[in-house]
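Just below is one structure, and these are the notes that go with it.
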Amino acid sequence: MTHTIDTPAGTSRFHSDRTYRSSSPGRLSSGVLPPVLAFLLFLPAASVPANDSNDVLPELIDAEITSTADGSLQPLRYCAPESAATEPTALFVFLHSWSADYRQNNDKWLREAAARGWIYLHPNFRGINQTPLACGSPAARQDILDAIDFACREFQVDRERIYLAGVSGGGHMAMLMAGHHPERFSAVSAWVGISDLADWYHFHVKDGQPQKYAQMILKSLQGAPGGSAEIDHDYQDRSPLFHLHRARDLPMDIAAGVNDGHTGSVPVSHSLNAYNVLAKIQSGEVVRDYEIQELRQQRKLLQPTASDRRGDPTFSREILLRRETPHSRVTIFEGGHESLPDAACQWLSGIRRTALP
């Protein structure tokens, strides 16, 4: 479908229903309109109203790039401000959730990126987590790096502002990329993510029967934890908890709603355990085991620390726990299996760190 976007007087009006196909990694085929001509002019802002009926989002453009892992064509969606063709511009990479692919509607996050004048990139990384090539596989991880390389070739990406974020399964993948490739990102924000696939598998086995998410893990990992040394190695390779020790200098924002694991699918312990790996290597304040249990079972801390009580005006929820390192932070807030895009993007926008090619 073609969408026509109304723009203020004095700016240009664009519309596009084109799909851009690349025959080599990141390259657009000849004979098509360069995608930069189809982009809207974004006006940077600190934040955007969550429910503005007059708000018109920029149109996402479909593209395909060739995987450097296996040569397959991999889809993605993206958009950028006109100025990204000539001026250094932040790149915001957002990762879809566990049961979705690059076509997932993530308008709340797109809105935040557009308001700040960022390039928005939405890769597929092998789609829904129910095949061996999905769910954090080496090929899926390479797809994200290939997508970033595509954006860096097509636009003037500011390498001090390459931001990565994701929610749920996207939070899992954001933390996994932070652990495997910390040098490629300026900062990472992960919400309600899974940090240990084996632990999450067991959480979703009821009365000895694998439930929905456990079944999807079995399809991806080709067996249950403990099935063989090879399977266990694969679980660890795809679980952020075993790799975040490499993110020694990488700023990371980890967050979860305290009710997740009760009304949602991912217990808060996944976020807290991931943060504790960072706290140990970044000389930060750890979350004690008994505090993790209090938050999981009682959904509150019996003795919150000064940092837990400090509050944060960028969060629209009560904060129940906040711990920090010199680079990173973890937040448990009053909520469930959800994210707060404005809070995440406000934090990301304050980070400058050179990301390597």
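The values are calculated or read from the model by the stated rules, or taken from the named source; none is laboratory data. Bear in mind the structure is a predicted one, so any value in this text is a computation, not a measurement. Here the Cβ positions follow ideal geometry from the backbone for every residue, glycine too, while neighbour counts run over all protein chains shown.
At a glance:
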item: So Leu110, is it touching a Phe, Trp or Tyr at 6+ places or on another chain (Cβ under 9 Å), more than 21 Å from His233 (Cα to Cα), among the hydrophobic types (A, V, I, L, M, F, W, C) and in contact (Cβ under 8 Å) with a residue 24 or more places away in the chain; result: yes
item: Region 132-168, subset of a type in the set (Val, Ile, Thr) and under 25 Å from Ala255 (Cβ atoms), residue nearest to the chain's Cα centre (by Cα); result: Val167
item: Qualifying residue in region 190-207 (condition: part of a helix (DSSP H, G or I) and without any contact (Cβ under 8 Å) to a residue 12 or more places away in the chain); result: no
item: Selected residue [farther than 27 Å from Leu272 by Cβ and crowded, with 19+ Cβ neighbours inside 10 Å] from Val167, Val157; result: Val157
item: Flag if Ala134 is in a helix (DSSP H, G or I), in contact (Cβ under 8 Å) with a residue 24 or more places away in the chain, in contact with a Phe, Trp or Tyr (Cβ under 9 Å, 6 or more places away or on another chain) and crowded, with 22+ Cβ neighbours inside 10 Å; result: no
item: Residue in region 273-293 that is touching a Phe, Trp or Tyr at 6+ places or on another chain (Cβ under 9 Å) and in contact (Cβ under 8 Å) with a residue 60 or more places away in the chain present; result: no
item: Spans of strands (runs of 3 or more DSSP E) in region 239-357 with at least 3 residues surrounded by fewer than 23 Cβ atoms within 10 Å (Cβ to Cβ); result: 319-324
item: Identity of the residue in region 109-122, of a type outside the set (A, V, I, L, M, F, W, C) and over 13 Å from the mean Cα position of the chain (by Cα), that ends up surrounded by the fewest Cβ atoms within 10 Å (Cβ to Cβ); result: Gly117
item: Options Pro58, Pro44: the member that is part of a loop (DSSP other than H, G, I, E, B), at pLDDT 95 or above and within 20 Å of Trp109 (Cα to Cα); result: Pro58
item: Single match in Phe203, Phe185 (criterion: among the aromatic types (Phe, Trp, Tyr) and within 23 Å of Ala355 (Cβ to Cβ)); result: Phe185
item: Positions within region 209-238 being buried (at least 16 other Cβ atoms within 10 Å of the Cβ), in a loop (DSSP other than H, G, I, E, B) and touching a residue at least 40 places away in the same chain (Cβ under 8 Å), in sequence order; result: Arg238
item: Sole residue being surrounded by fewer than 21 Cβ atoms within 10 Å (Cβ to Cβ), over 13 Å from Ile148 (Cα atoms) and at pLDDT below 95, chosen from Ala50, Ala100, Ala69, Ala85; result: Ala50
item: Residue under evaluation Pro313, criteria (1) within 20 Å of the chain's Cα centre (by Cα); (2) farther than 27 Å from Ser137 by Cα, criterion not met; result: (1)
